[in-house]
Amino acid sequence: MEYTDLYIGGSWRSGAAGERFDVLNPATEEVLASVASAEIEDAEAALDAAEVAMRDWAARTPRQRSEVLRKAWELMTARLEDFARYITLENGKARADAMGEATYAAEFFRWFAEEAVRADGLITHAPASGARIMVQHKPAGLAVLVTPWNYPAAMGTRKIAPALAAGCAVIIKPASETPLTMLALMPLLEEAGVPAGLVNVLPSRRTGALVDHMLHDPRVRVVSFTGSTGVGRKLLHSAADQVLKPAMELGGNAPLIVFDDADLDVAVEGAMLAKMRNLGEACTAANRLYVHEAVAPEFTRRFAEAMARLKVGDGTDPTVDVGPLVNADTRDKVAAFVDDAVAKGAKIELGGQKPSGTGFYYPPTVLSNVPESADCVHDEIFGPVAAIQTFTDQEDVIRRANDTEYGLVAYVFTGDMKRGLQVCERLDYGMVGLNRGLVSDPAAPFGGTKQSGLGREGGHEGMLEFMETQYISASW
């Protein structure tokens, strides 16, 4: 691996303490690379570089910023295979899934290249005073971005692109399991014309201390985090000390509802997408499958057959559909969810056995008759396990779907569009897929309600997370 040092001020450097940590290939458990680990001194250097770089960048015209982002999209699109390879090697996901992520990641540069020129303001006449009310959006300031391991490219570009479009500089802390993809993106951004110091990357084994230090630096004004709700709560506590602008995309416990009038071909295909995209290691993954009892036997049979057709193996093999989970802890947690559900009465329709041998693999698994007391009903599975429950009453299934502290995404399958929209409006979730198993789109505001987060990523709203609204009262 070529890029394994810290990236600060447009230069590659070792960490201040000279420490490094290993990044493993989850398919082979072999070391891919030894990566520099950032310390507090490195964070200070990154903040210094970002502060200087932002002065010029924020002063550039929206069109100038737009052209740089557009160039980044063009360059990344031309190198999707390279980025997909990085993603597969450090994350484990199958090549087709990795290509999908790389394409999705690149698209954020194009979308926000277009949004950079649309930070529209407003001029109105104050009804009472007669003054002019002038409203404009300005760059909020330095942004600290903390990204997860499940989407090593997309979760970075989904934050970098709107921040740069808004005129901000950023410091990125990628997940320790998957820092290589983000580091590999930096030469591309240089080539696209991103100034030195505007984007800095700090891999580190001291994540808590490093991020906390940056969130208490007065130059930082925005924190954007994707990850677990537990970690998000801690970051919000730190952000409160400086009243930082937070964007938090946190955990999920997505319900997927299949009504008795649903087209089962569409429902099975949608459920496969919602459950198995990224091997189920996604906050948007369908976690609880509620199927009307009239169609549950047929849906379960078809769904299990579709899951059984998936080929498990090393994601670098283009014929493989399902790669390994990211690490041993994740695999063991998934296995524990299955064991718990079975012990409480669930039936294994497919899979359910942790394989022996090298690699952090777990097979596609389908559970039926899953009881409400099962742990997997209340916590994110984050793996290739589908937990199926049944229902008969619409009011009951809406209540059960909403009965969680999370509110990121839900899925509904029905042949009655009126009922579908009525149910969607009553689901307490930031996003709903209606007869679709995929909701993520750079052009749409991604985010949740309740303890699934604050703010939105993507859409026009994604850029506003990195901007402050200024109002000027003027007379002339």
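Here are a few things to note about the model shown:
- Prolate/oblate/rounded label for the stretch 286-329 (Cα gyration tensor, a/c 1.5): oblate
- Across Leu350, Leu24, the residue with the most accessible area heads the list, and the full order at a 1.4 Å probe is Leu24, Leu350.
- Separation of the stretch 334-368 and the stretch 18-34, taken as the distance between their Cα centroids, equals 27 angstrom.
- Distance from the stretch 141-218 to the stretch 419-471 (C-alpha centre basis), Å: 23
- Solvent-accessible heavy-atom area per residue, rounded to whole Å², over the chain at 1.4 Å: 38
- Cα-based helix-to-principal-axis angle, 180-192 vs the chain, degrees rounded to 10: 40
- Counting only alpha carbon atoms, the long axis of helix 229-240 and the longest principal axis of the chain meet at about 20°.
- The protection proxy used here, the mean number of other Cβ atoms lying within 10 Å of each residue, ranks peptides 158-166, 446-454, 425-433 as follows, highest first: 158-166, 446-454, 425-433.
- Farthest toward positive dipole pole in the stretch 335-476 [+1 Lys/Arg, -1 Asp/Glu at C-beta], among Asn435, Gly407, Ser475: Asn435
- Prolate/oblate/rounded call for the chain, Cα gyration tensor, a/c under 1.5 rounded: oblate
- Cα long-axis angle, helix 154-166 against the chain (0 to 90 degrees, to the nearest 10): 30
- About its Cα centre, the dipole of the stretch 39-184 is roughly 680 debye, where the only charges are +1 on Lys and Arg Cβ and -1 on Asp and Glu Cβ.
- Only protein heavy atoms count here; on that basis, with a 1.4 Å probe, Tyr86 has an accessible area of about 40 Å².
- Relative contact order computed over the stretch 100-179 (Cα-Cα under 8 Å; 6+ residues apart), in percent: 35
- Cα lying deepest toward the dipole's positive end in the stretch 177-264, options Gly230, Met214, Thr181, charges on Cβ: Met214
- Given +1 at the Cβ of Lys and Arg, -1 at the Cβ of Asp and Glu and no other charges, the dipole of the chain around its Cα centre is 960 debye to the nearest 20.
- Here's the list of lysines a cross-link from Lys159 could span, going by alpha-carbon distance under 25 Å and ignoring same-chain residues fewer than 8 apart: Lys71, Lys93, Lys138, Lys173, Lys234, Lys245, Lys275, Lys450.
- Counting only protein heavy atoms and using a 1.4 Å probe, the accessible area of His216 comes to about 70 Å².
- Using a probe radius of 1.4 angstrom, the carbon and sulfur fraction of the accessible surface of the stretch 322-403 is 46%.
- Entry note, the chain: the mean residue ellipticity at 222 nm calculated from DSSP H runs of n ≥ 4, each adding -39500 (n - 2.57), is -12500 deg cm²/dmol after division by the residues and rounding to the nearest 500.
- The stretch 38-77 versus the stretch 240-282: alpha-carbon centroid distance in Å: 32
The values are calculated or read from the model by the stated rules, or taken from the named source; none is laboratory data. Just so you know, these numbers come straight off a predicted model, no measurement behind them. With ideal geometry, Cβ positions are generated from the backbone for all residues, glycine too; neighbour counts draw on all protein chains shown. The accessibility values were calculated without ligands, DNA or RNA, using every heavy atom of the protein model including side chains. Shrake-Rupley method; radii C 1.70, N 1.55, O 1.52, S 1.80 Å.
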